[in-house]
1. Where the convex hull is taken over the Cα atoms of the stretch B:201-330, what is its projected area averaged over directions, in nm²?
2. Using alpha carbon centroids, what distance separates the stretch B:35-67 and the stretch A:91-109, in Å?
3. How many angstrom lie between the Cα centre of the stretch B:196-241 and the Cα centre of the stretch A:254-291?
4. Mind checking Rg over Rh on the protein assembly as shown, alpha carbons, Kirkwood formula for Rh?
5. Rounded to a whole number of µm²/s, how large is the Stokes-Einstein D of the stretch A:35-110 at 37 °C and 0.692 mPa s, given Rh as the Kirkwood radius over C-alpha pairs?
6. GluC sites (Glu not before Pro) within the stretch B:253-318: which are DSSP loop residues with at most 14 other Cβ atoms inside 10 Å?
7. Determine ³J(HN,Hα), in whole Hz, for all residues of the stretch A:160-172 in sequence, where each value follows from phi through the Karplus function 6.51 cos²θ - 1.76 cosθ + 1.60 and θ = phi - 60°; x replaces Gly and Pro.
8. Output wanted: per-residue J couplings in Hz (rounded whole) for the stretch B:97-112, from phi through Karplus 6.51 cos²θ - 1.76 cosθ + 1.60, θ = phi - 60°, x for Gly and Pro.
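Every number here is computed from the coordinates shown, using simple stated rules; none is lab data. Everything numeric in this text was worked out from a predicted model, so none of it was measured. Backbone-built Cβ (ideal geometry, glycine too); neighbour counts: all protein chains shown.
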Amino acid sequence: MSTETVQSIPKPKLRPGDRIFSGSALSAGTLILIALAAIAAFLIIQSIPAITTPAEDITILRGTDFFSYAFPLVFGTLWAAVIALVLATPLAIGIALFISHYAPRRVAAGLGYIIDLLAAVPSVVFGLWGGNVLAPAVQPAYSWLEKNLSWIPLFEGPASGTGRTILTAGVVLAVMILPIITAICREVFLQTPVLHEEAALALGATRWEMIRVAVLPFGRAGIISGAMLGLGRALGETMAVAMVLSASGAVTFNLISSQNPSTIAANIALSFPEAYGLNVNVLIATGLMLFVITLLVNMLARFIINRRKDFSGAN
Amino acid sequence: MNITRASGFAAIIAAGAIVLSGCAANEPTGEAPDETTSTLEGTLVGAGASSQQSAQEAWVAGFQSANPGVTVEYDPIGSGGGRDTFIAGGSQFAGSDRAFKDEEIAEDAFGACVPGTGIVEIPAYISPIAVVFNLEGIDTLNMDAATIAGIFAGQITNWNDPAIAATNEGVELPDLPITAVHRSDESGTTENFVDYLAAAAPEVWTYEVSGDWPVDGGEAAAQTSGVVDAVANGTGTIGYVDASRSAEFGTVAVQVGDEFIPFSPEAAAAIVDASPLVEGRGEGDLAIELDRTPDSAAYPIVLVSYLIACNEYAESDSVELVKAYLSYIISEEGQQVAAEAAGSAPISNDLFEKASAAIEAIK
């Protein structure tokens, strides 16, 4: 191409389509920020009275101050989410690897579709299933754990008579966050450069070794971001926890007793219908804490992903 | 390309048309059956206890079909919210699981009322609370208040405890841990159940009386349905629920005096008659001091919810509406539809007489 031709090209012409599209993309991006700022402002403004008013004037606190009221809820929220994540992540990686590298193509497509279907089940249905089917079904297992493994603090007991414990809630949450982690892991694993995989196989790696040296390092950032998205959902899940968990406000790591910490979201859902006056502000203030926790978790996830990116082999 | 785009637009328009026509179908058609001679018109606004919600829905439906010109709105925001709304003048009547306290009435700041005239409080919604349990082959157990309190406080932990056996001769009690299920959300059911325990077994039940479960311990479940499910699905469970939901379980007959009284609507209504009125109240104020340890054969674990209105309204438009609506609620028909819809216990004739006099006096 000669230089004359390059110079003769006029300035790129902006067609109406370009302008409309860039404008709508910009407004979409702005809109989400505005929505977020509006929610944050609402939470902060409504929370102030809960913290500035003397605790004796707020009936829901029952004599303690705001932070002793909120601490068991924060603990319960994190504890339930961690249980869910510990259960769901290995399972999701396994399912994703099976779909991307082991299953025959036709089976893989069907399985992926079924996993996605789980994401379409409303959380109320998960709550009903957890409370009415899963809890009674696992109750004998809890009694067994108490009898045989009660020297482990996690299984200290006394075992719940109904099975509606934080472990059951964690299992329900794990099922709920499974689809999103699986979907992201699967997509990332499928992106592994074929050259890497073939190189590993050519060096004599078995299929498992190939996955270990080529697929998993490549997908690590994807696994973490998938897990963090799942964690976000687990932290904020409301109805399923409210319906499954027997919450007493205790701060304990015991997995199988009736004494469980509640979670922030479930506590708001349960207390809000009868709340009025400053009690509403207290509940919104706990909502603000959940907002901050989720923000911190996501920032941590970004940080981990950014730090690992250079080593993942993706570049 | 253009064809598909055009058909896309057509589809959107068609969908919009369906949505709009759906809205239109919900508009009142204005051709109510002309069987009644009611000439009442207007809107009556109430707010308050969520315990009354099902009953209020039944009352509103019954009342509006008899009085097509009237719209009654009941917002089940909770007792506390209902009382605050009534004080602020945002509603013409309130539903509340407790009567106003003396000092609240002394402040005399009821927004909708003429100052200094006082209020009308009618215990028109009586809802028995059943203590239900899930033990195979056992339909009923006799318990005194101290035993029930001991179970829910976590002091009696096994079904074969001597305290339970003592009042149940001949019943084979299993060697099974007790799981006591309580409400995890704040509720009037909890408050009344705990109030009964505190009044009838003060030496065992030393906790405060509150709508939030006051004890650390036991199993918690959300709402009445959650407690029903937890009791049904667990083993060796016991809980307290609205009596309308007790059919599938064994129930506890509660000791009153020397007798054991099983729950029944009549026995529950009797407790209101057996209880004295709060002293020093106005003519129309039928607030009662619930007597949880009556001498007669009455069932003491009940939730009594009040309907609260003004003695004298600042705006005279409200008077006829409030009178008509409250009269309908306490009428035999009104109490019957509530019993069917919410499982409440119809009020006694005695209370009906007093309540109609109070309603008649509203102006």
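1. Its average projected convex-hull area is 11.4 nm².
2. The two parts, judged by their Cα centres, are 59 Å apart.
3. Answer, in whole Å: 19.
4. Radius of gyration over Kirkwood radius for the protein assembly as shown works out to 1.06.
5. D, rounded to a whole number, is 196 µm²/s.
6. Here the GluC sites (Glu not before Pro) that fit, given the DSSP loop and packing criteria, are B:Glu279, B:Glu283, B:Glu289, B:Glu315.
7. 5, x, 10, x, 8, 10, 5, 5, 4, 4, x, 5, 4
8. 6, 9, 6, 5, 7, 3, 5, 5, 6, 4, 5, 6, 10, 9, x, 8
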